[in-house]
Amino acid sequence: MIWSTKKLPTPTYVQDTYWKFAAERQEIFFNRINRITQLTADPILLKHKFTNAYRAADRVSQYLIREIIYKGDQSPNELLFRILLFKLFNRIETWQLLQHELGTVTWEAFSFELYSKVLDQAMQAGEPIYSGAYIMASGRSSFGYARKHQNHLKLIEQMMHFQLAERIGEAKSLEAVYGLLLSFPTIGKFLAYQYAIDINYSNLTDFTEMEFVMPGPGAKDGIRKCFSSLGDYNDADVIRYVTDRQEQEFERLGLQFKTLWGRRLQLIDCQNLYCETDKYARIAHPEVGGISSRTRIKQLYSGGRQPINYFFPPKWGLNDKLGSSKW
């Protein structure tokens with residue numbers, strides 16, 4: 001992409017931290033795969049929890065890809081139903097609970113009353129059913145139920161009855177899929193983009209992740225810390241700009257960035273990295289303000305989790321490279 005006709009954004013020193021964070025977080029990813037005990041010497045990364053440089057390598061995304069998308073009925077309706085059901089809660093334990101209580105989770109056998117009952121019982125037992133990763137609107141004003149999960153189950157019903165799988169299959173772009181998702185109640189711009197990326201991991205669509213990006217609140221916060229001025233660009237332009245320049249920036253800083261077995265950082269990854277840089281900078285650069293006034297990182301790194309058996313969308317051509325030392 002040619003950027004010279006526009007006034008370029010003006011980076012702060014936090015933008016260098018962005019690239020250093022990406023390189024070190026990816027180093028941790030490979031150290032963990034290679035069973036290296038000392039994951040990093042960075043005290044912030046040792047203490048606090050951050051997502052991977054590549055979104056698809058995160059634990060929840062890996063579970064979605066391996067256990068939900070590429071296992072089970074691959075017909076469009078069933079595939080979409082599984083993706084939507086998992087992502088609305090975005091919690092592995094909630095999916096496993098539904099499987100345990102209901103057996104095979106399918107749209108064909110879906111029952112609002114039965115699914116709602118299982119989730120009601122989990123809540124009564126004090127078990128969380130939602131991930132804290134996304135802020136989900138309750139949907140009460142759209143569907144009228146007192147409990148959030150009931151409204152979200154009705155949302156899935158609405159999406160499926162809308163023949164969403166068929167419409168997604170007819171979409172001509174990732175942005176068109178995003179637009180379809182955005183048309184439903186409770187789904188805002190950021191969630192619509194995230195869900196479009198999740199759907200694109202499957203064989204329902206096959207769009208490049210370099211086509212379209214929608215910055216979330218955390219990314220916008222990070223961008224404000226990394227740039228004193230955006231010039232003639234908006235937030236999405238900035239993400240495209242830095243994604244295009246990644247190799248030059250790593251070289252400029254003398255960083256050896258280990259790609260995902262030859263896959264460059266994509267727009268979704270660079271978007272997420274701004275969100276993570278926002279968090280990292282709260283401690284590394286407390287003097288630099290963003291949009292929000294957050295000063296702490298909530299989640300601490302606990303360690304001790306089971307190793308992930310990595311599996312990426314087969315259409316990416318990565319799975320036969322996973323044991324290779326070439327990045």
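Bear in mind these aren't lab numbers, they're just calculated from the coordinates by the rules spelled out. This one's a predicted model, so the numbers in the text were calculated from it and none came from an experiment. With ideal geometry, Cβ positions are generated from the backbone for all residues, glycine too; neighbour counts draw on all protein chains shown.
In order along the stretch 162-177, the Karplus-derived 3J(HN,Hα) couplings, from 6.51 cos²θ - 1.76 cosθ + 1.60 at θ = phi - 60°, round to 6, 6, 5, 4, 5, 5, 5, x, 8, 5, 9, 7, 5, 5, 5, 5 Hz, and Gly and Pro are given as x. Rounded to two decimals, the Cα-based Rg/Rh of the stretch 72-200, with Kirkwood Rh, is 0.94.
Compared with the direct C-alpha span, the chain from SER228 to ARG140 gains 27.7 nm at full extension, assuming 0.36 nm per residue. Remark: the stretch 66-115 projects, on average over all directions, an area of 3.3 nm² (convex hull of Cα atoms). Roughly what angle does helix 112-124 make with the longest principal axis of the chain, taking Cα atoms, 0 to 90 degrees, to the nearest 10? The helix 112-124 is inclined about 60 degrees to the chain.
For the stretch 280-292, putting each phi into the Karplus relation 6.51 cos²θ - 1.76 cosθ + 1.60 with θ = phi - 60° gives couplings of 4, 5, 4, 9, 5, 9, x, 6, 9, x, x, 7, 8 Hz, in residue order, rounded to whole numbers and with x for Gly and Pro.
Which whole-number percent is the relative contact order of the stretch 72-200 (Cα, under 8 Å, 6+ apart)?
Worked out over the stretch 72-200, it gives 26 percent.
Distant-in-sequence amide contacts of PHE227, defined by a placed amide H-H separation under 5 Å and a gap of 5 or more residues or a different chain, comprise THR12. Legend: residue pairs LYS87/LYS189; LYS87/LYS117; LYS20/LYS220; LYS6/LYS172, Cα-Cα distance threshold 22 Å; pairs beyond threshold, LYS6/LYS172.
If I take every Cα pair under 8 Å that is 6 or more residues apart in the chain, average their sequence separation and divide by the length, what percent do I get for the relative contact order? The value is 28 percent. Computed 3J(HN,Hα) for the stretch 125-135, one whole-Hz value per residue from the Karplus formula 6.51 cos²θ - 1.76 cosθ + 1.60 where θ = phi - 60°, is 7, x, 8, x, 10, 10, 6, x, 5, 10, 8, glycine and proline marked x. Amide H to amide H distances under 5 Å link GLN163 with no residue, where only residues 5 or more positions off or on other chains count and H is placed in the peptide plane.
Counting only pairs 8 or more residues apart or on different chains, how many lysine pairs in the stretch 252-327 have their Cα atoms under 24 Å apart?
Summing the qualifying lysine pairs gives 6.
Extending 7 Å from the Cα toward the beta-carbon at both GLN121 and ARG296 defines two label points whose distance is 3.6 nm.
Put simply, the amide H of ARG263, placed in the peptide plane, has no neighbours under 5 Å, leaving out anything fewer than 5 places away on its chain. Per residue, the convex hull spanned by the Cα atoms of the chain measures out at 151 cubic angstrom. Convex hull volume per residue, computed on the Cα atoms of the stretch 216-261, equals 106 Å³. As a calculated quantity, the FRET efficiency between THR106 and ASN319 at R0 = 22 Å, using C-beta atoms, amounts to about 0.25.
Tell me the angle of helix 76-89 to the major Cα principal axis of the chain, expressed in degrees between 0 and 90 and rounded to the nearest ten. For helix 76-89, the angle is close to 70 degrees. What is the distance in Å between the Cα centres of the stretch 186-237 and the stretch 255-327? Taking the Cα centre of the stretch 255-327 as reference, the centre of the stretch 186-237 is 15 Å away. Treating each Cα of the stretch 1-130 as an identical point scatterer and ignoring solvent, apply the Debye formula and state log10 I(q)/I(0) at q = 0.10, 0.14, 0.15, 0.16 Å⁻¹. One equal scatterer on each Cα of the stretch 1-130 leads to -0.55, -0.83, -0.88, -0.92.
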